[in-house]
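**Student:** I'd like to ask some things about the structure below.
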Amino acid sequence: MAAASSVKRTVLWLALSVPVMFAFAVFVMPPLYDVFCEITGIGGKTGGQYAEEQPQIDGSRVVKVQFVTTNNGAMPWEFRGPGEAEKVHPGESARVTFYARNGTGRDMVAQAIPSVSPANAAQYLHKTECFCFNRQPLKAGEDAHMPVVFFVDPNLPASVKTITLSYTLFDVTDRQLAEVAAVD
């Protein structure tokens, strides 16, 4: 009799643990990760929108900026960056366009998380406009062309010839709905 009671408690504990762990991973970990990367500077996280004046263009150097896109495992959208890398002079503004398509049968909201490599280049890549600054809602079957305007700071170390800007797209539909419900 005691063994059956113990098994029921274990099953109940496991049944409750799974949703709690899922909620922790989806709602708590991404903001904690963002704060951790912002504080430590690791993980190639960019510092967000650049508000200062754009510097002088250094025409003596060229830096190649590559673009990589990835969908988080639970994100069903089509998501891709520009096909070609951009070659820019440090200080020169460049504009590229990313594409997203919600091929599902339901309205969804996405958030793109940027990362830069090599990590020592993250502080020198400045975005003045980026779809990653805001969540991206797309209705079922809808698509969007999403711009990124950036420049490479002329103080980028001369040893860095190529920068890779990557975005991982996350489904934040449930988080958006929870935030809207909390406000109401």
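The values are calculated or read from the model by the stated rules, or taken from the named source; none is laboratory data. Bear in mind the structure is a predicted one, so any value in this text is a computation, not a measurement. Here the Cβ is made from the backbone with ideal geometry for all residues, glycine too, and neighbour counts use every protein chain on show.
**Student:** For residues that are closer than 30 Å to Val62 by Cβ and among the charged types (D, E, K, R), scanning just region 91-109, find the one that is surrounded by the fewest Cβ atoms within 10 Å (Cβ to Cβ).
**Tutor:** Arg95
**Student:** Just checking, does region 110-127 include any residue being in contact (Cβ under 8 Å) with a residue 12 or more places away in the chain, loosely packed, with under 14 Cβ neighbours inside 10 Å, of a type in the set (Lys, Arg) and under 30 Å from Ser60 (Cα atoms)?
**Tutor:** No; the residues of region 110-127 include none that is in contact (Cβ under 8 Å) with a residue 12 or more places away in the chain, loosely packed, with under 14 Cβ neighbours inside 10 Å, of a type in the set (Lys, Arg) and under 30 Å from Ser60 (Cα atoms).
**Student:** Could you please let me know if Val148 is among the β-branched types (Val, Ile, Thr), crowded, with 17+ Cβ neighbours inside 10 Å and modelled with pLDDT under 95?
**Tutor:** So Val148 does not fit the description; no.
**Student:** Another one. Is region 59-79 home to any residue that is within 16 Å of the chain's Cα centre (by Cα), modelled with pLDDT of 95 or more and over 30 Å from Phe22 (Cβ atoms)?
**Tutor:** yes
**Student:** Scan region 55-71 residue by residue and report those that are touching a residue at least 60 places away in the same chain (Cβ under 8 Å) and out of contact with any His (no Cβ under 7 Å at 6 or more places or on another chain).
**Tutor:** Pro55, Gln56, Val63, Lys64, Val65, Gln66, Phe67, Val68, Thr69, Thr70, Asn71
**Student:** Give all pairs with beta carbons closer than 7 Å in which a residue from region 5-34 that is not assigned by TED's automatic domain parsing to the domain that holds Val172 meets a residue that is at pLDDT below 80 and assigned to a helix (DSSP H, G or I); count only pairs at least 6 apart in sequence or on separate chains.
**Tutor:** From region 5-34, the pairs are Phe27/Arg175.
**Student:** Within the set of pairs 6+ apart or on separate chains, which have a first residue in region 93-105 that is closer than 15 Å to Tyr167 by Cα and of a type in the set (S, T, N, Q), a second that is surrounded by fewer than 12 Cβ atoms within 10 Å (Cβ to Cβ) and at pLDDT below 95, and C-beta atoms under 6 Å apart?
**Tutor:** Listed pairs, sorted by first residue: none to list.
**Student:** Only residues that are of a type in the set (Asp, Glu) and assigned to a strand (DSSP E or B): list them for region 63-92, please.
**Tutor:** Within region 63-92, Glu78, Glu86 qualify.
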